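Written below as structure tokens is the structure these notes are about.
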Amino acid sequence: MINVRQITDLHRAMVVHWHRQEIENSYRGFLAVVCQQFSFNFRLWHEEDIARSRDVSAARIAEVKRNIDRLNQQRNDWIEKMDDYLTEELDRQGVEASFDAPQNTETAGSAIDRLSILALRIYHLEEQTERDDATPEHIDSVERKLAVCQIQHEDLSQSLQELLDDLFAGRKRHKTYRQFKMYNDPTLNPYLYQARRKAA
């Protein structure tokens with residue numbers, strides 16, 4: 001059985017660890033897949049910060065935009081890998097959903113992705129409360145946002161655990177939803193394939 005607490009502990013530990021040293025993944029099994037997916041969100045978060053900076057060159061912004069596209073593709077690919085892992089684990093355990101079992105609007109992998117983003121948001125909001133140059137008004141505003149994020153994190157964690165429990169008990173159906181992102185595919189992005197045709 002998959003314990004959501006282990007997933008959220010991983011997110012919390014790695015967001016601190018990776019701010020101090022290089023990204024690494026020493027986990028095994030499903031948690032290794034979770035950690036890898038989180039690493040793309042971690043990199044993506046910091047590239048997004050650079051993209052909004054006014055003091056970097058246009059060339060640097062273009063590089064950052066390409067990094068964001070690549071990381072977002074990897075992030076979505078690994079959401080699917082988390083869901084594929086769950087499919088394989090359900091099969092391995094011989095779990096079959098009952099004939100009338102409903103399906104969630106969101107997969108477990110998508111919920112884990114959202115939890116990882118909340119972990120990043122909470123970390124950076126907490127960081128804001130420790131700024132030496134922050135006004136009391138700023139800190140008060142941040143603390144209100146932080147309280148909401150923590151409630152959202154608790155709610156989503158509980159909902160995800162309930163979903164996983166239902167999946168492994170056969171009370172709900174599981175399926176990997178394919179993202180089919182088109183913008184990075186040179187055969188599906190009109191700008192890319194039209195430009196290639198003109199160059200030929």
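Data table
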quantity	calculated
Residue within the stretch 143-160 that is under 14 Å from Phe30 (Cβ atoms) and buried (at least 17 other Cβ atoms within 10 Å of the Cβ) present	yes
Filtered residues of the stretch 125-142 (kept if part of a helix (DSSP H, G or I) and touching a Leu at 6+ places or on another chain (Cβ under 8 Å))	Leu125, Glu126, Val142
Flag for Lys81 being of a type in the set (Lys, Arg), part of a helix (DSSP H, G or I) and modelled with pLDDT of 95 or more	yes
Out of Val64, Val95, sole residue that is hydrophobic (A, V, I, L, M, F, W, C) and within 27 Å of Leu164 (Cβ to Cβ)	Val95
From the options Leu44, Leu86, Leu118, residue that is within 26 Å of Glu154 (Cβ to Cβ), touching a Cys at 6+ places or on another chain (Cβ under 8 Å) and assigned to a helix (DSSP H, G or I)	Leu118
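A quick yes/no check of all residues on (1) more than 14 Å from the chain's Cα centre (by Cα); (2) loosely packed, with under 12 Cβ neighbours inside 10 Å; (3) on the phi < 0 side of the Ramachandran plot:
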residue	(1), (2), (3)
Ile2	yes, no, yes
Trp18	yes, no, yes
Asn25	yes, no, yes
Arg43	no, no, yes
Ser53	yes, yes, yes
Val64	yes, no, yes
Ile68	no, no, yes
Arg75	no, no, yes
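The values are calculated or read from the model by the stated rules, or taken from the named source; none is laboratory data. Since we're looking at a predicted model, the values are computed, not measured. Cβ: placed from backbone, ideal geometry, glycine included. Neighbour counts: every protein chain shown.
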